[in-house]
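Read through the structure below, which is laid out as structure tokens, and then see the notes.
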Amino acid sequence: MNPQHLKYTQNHEWIRDDGKVFVVGITEYAAEQLGDITYIELPEVGLDVAQDDDVASVESVKAASEVYAPAGGRVVEVNERLLDQPEIVNKSPYEDGWFFKLEGVERAEFDSLMSAAAYEIYLKEQ
Amino acid sequence: MKAVLEARHVKRTPLYDEHILRGAKMTEFHGWILPVQFKGILEEHHHTRSKCSVFDCCHMGEFRLKGSKAIRSLEAMVFNDMICLRVGRCRYSSILDTCGGIIDDIIAMKLSEDELFVVTNAGPYEKVARILYRVCLATDVTAGTAKIDVQGPLSRRVLLDLGLREIEPLKYFTCCRTQWEGFEMLVSRTGYTGELGYEVFLPNDLAAPFWREVTAHLEVEPAGLGARDTLRLEMGYTLYGQDVDESHTTLEAGMGRFIDWNSDFHAKEFLIMQRELGRYKVRTGIRSMDRRAPRPGYEVFHEGRPVGMVTSGSYGPSVGYGIGMAYIPVDLSMPGTRLTAGPKDMEIVTEEFPFYKNGSFKG
């Protein structure tokens, strides 16, 4: 159910290795827990982040949540469409609903994250 | 959540099975299990403003008051007239304690010269039931009465399609008896959404059959508490227990215009004094500068000084920005006052209710 080629965090973010950049978003589980997303705050392009820094915010009708960097790096692009259409995340959390892209990610940090299978097991404990 | 839903003291409405069949997300609300959402809060909100939604409101209280003595006794506890209320009319009011504190807000419906039907909220139900029995010998019909709210610009058409012919000429804030499949129902043209809408009162055992038929109508979708909240917030309507309670008077709640100062009620002297002094925190509309919502519990600041607190707040789906209500000093409450709220000093501005100005409720 969760895309096999992604890595996952305990705070329900996903990260994808696109070769030159790594793409980050929130999982379907996170989007479902939040409900209809109404507001997204994205990091500034150029920001250097460390693993687990809180870098973005998501608000839904009933809750607000922080999004943490799954790995350290520099923010090189953000998905500005989400500013006016945050509902894209609910509709397409793994594709169109990506939040930001990172450069300079440490291989070791990326490898330390959960695989899709491990994330499935983790979800069962929630 | 599972533990809460299975606890024996939590009540199910007659529509519980219908909601489960639809896969609704459920929650506990003042001792009742109710749907928060079906297809999604935003979708249900927009559907209500454009077509017609139905809401399970079986958790609310209903009482019958018979005889002019009973009605007069109620009148002594509320801020407006009930005796002269014309047959077929509805009136918004509040049951007050002797210091003007709001025990509950109610809608009263005059069914005949000497019969009043009173609708109350789920939160203070036990206390209100005690008071209405002690003082008015009211008959509590809550347990056997179901309520389904039918709200949206197409709601009149929907109910006429279902055969409830008597509702056609109903004006805003009036009520009538009507029929569905030969069964008698009571309908008021009232609601909590700001759209053209009706509240349908029917016996419990008719609730599920009626719900099934109304939701089968092409223009109708079920909606839950989530959308109910965003809809009422956009209109500036209070949620009892969150925006108003016994610690607030009618003036503080910003509802002084509903008070009939010619009526005699026990809290009147107190409210007269409060009105003359004019120094209290009043419930005021606030909005944010973007999509972010002010949240309940956020402290409100004016020029850095704490001046009040947000009681309700959310993103307003029909207006496109964050909206809410906060109690702030009267002299800061005129529209356009710049304030900040919450731990991140969110910029907010006071704004008059309703936030959403295109509601069809009077149409």
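The values are calculated or read from the model by the stated rules, or taken from the named source; none is laboratory data. These numbers were taken from a predicted model, which means no experiment stands behind them. Counting neighbours? That spans all protein chains shown, and the Cβs are built from the backbone with ideal geometry, glycine included.
For every residue, the table says whether it meets (1) of a type in the set (A, V, I, L, M, F, W, C); (2) over 18 Å from B:GLN151 (Cβ atoms).
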site	(1), (2)
B:PHE201	yes, no
B:THR238	no, no
B:ARG275	no, yes
B:VAL282	yes, yes
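Among what's in segment B:148-161 and is over 15 Å from B:PHE201 (Cβ atoms) and hydrophobic (A, V, I, L, M, F, W, C), pick the residue that is surrounded by the most Cβ atoms within 10 Å (Cβ to Cβ). Of everything passing the filter in segment B:148-161, B:LEU154 is surrounded by the most Cβ atoms within 10 Å (Cβ to Cβ). Report yes if A:ILE40 is assigned to a strand (DSSP E or B), in contact with a Ser or Thr (Cβ under 8 Å, 6 or more places away or on another chain), buried (at least 21 other Cβ atoms within 10 Å of the Cβ) and within 14 Å of another protein chain (Cβ to nearest Cβ), otherwise no. So A:ILE40 fits the description; yes.
Filter segment B:296-315 down to residues that are at pLDDT 95 or above and outside any strand (DSSP E or B) and give me whichever is farthest from the other protein chains (Cβ to nearest Cβ). Among those residues, the one meeting the criterion is B:GLU303. Among the residues of segment B:238-272, those that are charged (D, E, K, R) and under 21 Å from B:GLU352 (Cβ atoms) comprise B:ASP243, B:GLU252, B:ARG257. Looking at B:SER333, B:SER318, which is the one that is touching a helix residue (DSSP H, G or I) at 6+ places or on another chain (Cβ under 7 Å) and either within 14 Å of chain A (Cβ to nearest Cβ) or of a type outside the set (Phe, Trp, Tyr) (or both)? Of the residues listed, the single one that is touching a helix residue (DSSP H, G or I) at 6+ places or on another chain (Cβ under 7 Å) and either within 14 Å of chain A (Cβ to nearest Cβ) or of a type outside the set (Phe, Trp, Tyr) (or both) is B:SER318.
Filtering segment B:19-33 down to residues that are part of a strand (DSSP E or B) and touching a Phe, Trp or Tyr at 6+ places or on another chain (Cβ under 9 Å), which residue is surrounded by the fewest Cβ atoms within 10 Å (Cβ to Cβ)? This residue is B:LYS25.
Determine if segment B:263-271 includes at least one residue that is closer than 17 Å to A:ALA63 by Cβ and not in a helix (DSSP H, G or I). No, the conditions are met nowhere in segment B:263-271. Give me the residue from segment B:336-352 that is under 30 Å from B:GLU43 (Cβ atoms) and of a type in the set (Gly, Ala, Ser) and, out of that set, farthest from the other protein chains (Cβ to nearest Cβ). Only one residue tops the list, namely B:ALA341. Screening B:HIS30 with (1) over 12 Å from B:GLU221 (Cβ atoms); (2) within 14 Å of chain A (Cβ to nearest Cβ) gives one miss only, at (2). Looking across segment B:273-313, just one residue is surrounded by fewer than 21 Cβ atoms within 10 Å (Cβ to Cβ), among the aromatic types (Phe, Trp, Tyr) and closer than 12 Å to B:MET346 by Cα, and that is B:PHE301. When we screen B:ARG291, B:ARG228 for residues that are within 14 Å of chain A (Cβ to nearest Cβ) and part of a helix (DSSP H, G or I), the only hit is B:ARG228.
Set side by side, the residues B:LYS39, B:LYS25, B:LYS51 differ, and just one is charged (D, E, K, R), within 12 Å of chain A (Cβ to nearest Cβ) and farther than 11 Å from B:LEU225 by Cβ, which is B:LYS39.
The residues on offer are A:VAL89, A:VAL76, A:VAL58, and the sole one that is under 30 Å from B:LEU231 (Cβ atoms), among the aliphatic types (A, V, I, L, M) and in contact (Cβ under 8 Å) with a residue 40 or more places away in the chain is A:VAL89. When segment A:24-37 is filtered for residues that are among the polar types (S, T, N, Q) and in a helix (DSSP H, G or I), only A:GLN33 remains.
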